[in-house]
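Colleague: Before I ask anything, let me first share the structure, which is written out below as C-alpha cells.
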Amino acid sequence: MDKIKDSNSHIIIMDVYARTAPRIICQAYKKGMTMEQGYQWFLPDSYMWDWYVEVKDLPCTDTEMTKGL
C-alpha cells in the first residue's frame, strides 16, 4: 500500500479475489487513500453487493469500508 501511495497513483484497478479485496480497501482507508483524498478504486463487477460483510476479523467498520471505496 505504501508503494502505491508513494508512487502518487490515484487510480487503482484491483484484480484480486473477493476475500482479499476487503483487507486491501480497509488498509487503504486507514492510510487515507479514499475518494475524499483523490483516490479512485476500481473493483471487479463480479463482487456481490455485500462482498466485505463476511470477512472475519476485518479491522474496519461497515461505514469505514463504504468510505474506503
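Colleague: Has the range 48-55 got at least one residue that is at pLDDT 80 or above and surrounded by 11 or more Cβ atoms within 10 Å (Cβ to Cβ)?
Modeller: no
Colleague: Looking at the range 22-47, which of its residues are open to solvent by less than 50 Å² (accessible area, probe 1.4 Å) and assigned to a helix (DSSP H, G or I)?
Modeller: Listed by number, the residues that qualify are Pro22, Ile24, Ile25, Cys26, Ala28.
Colleague: Next question, about the same structure. Tell me, which residue of the range 9-21 that is aliphatic (A, V, I, L, M) and part of a loop (DSSP other than H, G, I, E, B) is least open to solvent (accessible area, probe 1.4 Å)?
Modeller: So, considering only residues that are aliphatic (A, V, I, L, M) and part of a loop (DSSP other than H, G, I, E, B), the one least open to solvent (accessible area, probe 1.4 Å) is Met14.
Colleague: Would you call Tyr39 of a type in the set (Ser, Thr, Tyr) and under 12 Å from the mean Cα position of the chain (by Cα)?
Modeller: yes
Colleague: Would you point out which residue out of Ile13, Ile25 is hydrophobic (A, V, I, L, M, F, W, C) and out of contact with any Gly (no Cβ under 7 Å at 6 or more places or on another chain)?
Modeller: Answer to the selection: Ile13.
The values are calculated or read from the model by the stated rules, or taken from the named source; none is laboratory data. Predicted model only: the values in this text are computed from it and were never measured. Cβ: placed from backbone, ideal geometry, glycine included. Neighbour counts: every protein chain shown. Just so you know, the surface numbers come from the protein's heavy atoms only, side chains and all, with ligands and any DNA or RNA stripped out. Shrake-Rupley method; radii C 1.70, N 1.55, O 1.52, S 1.80 Å.
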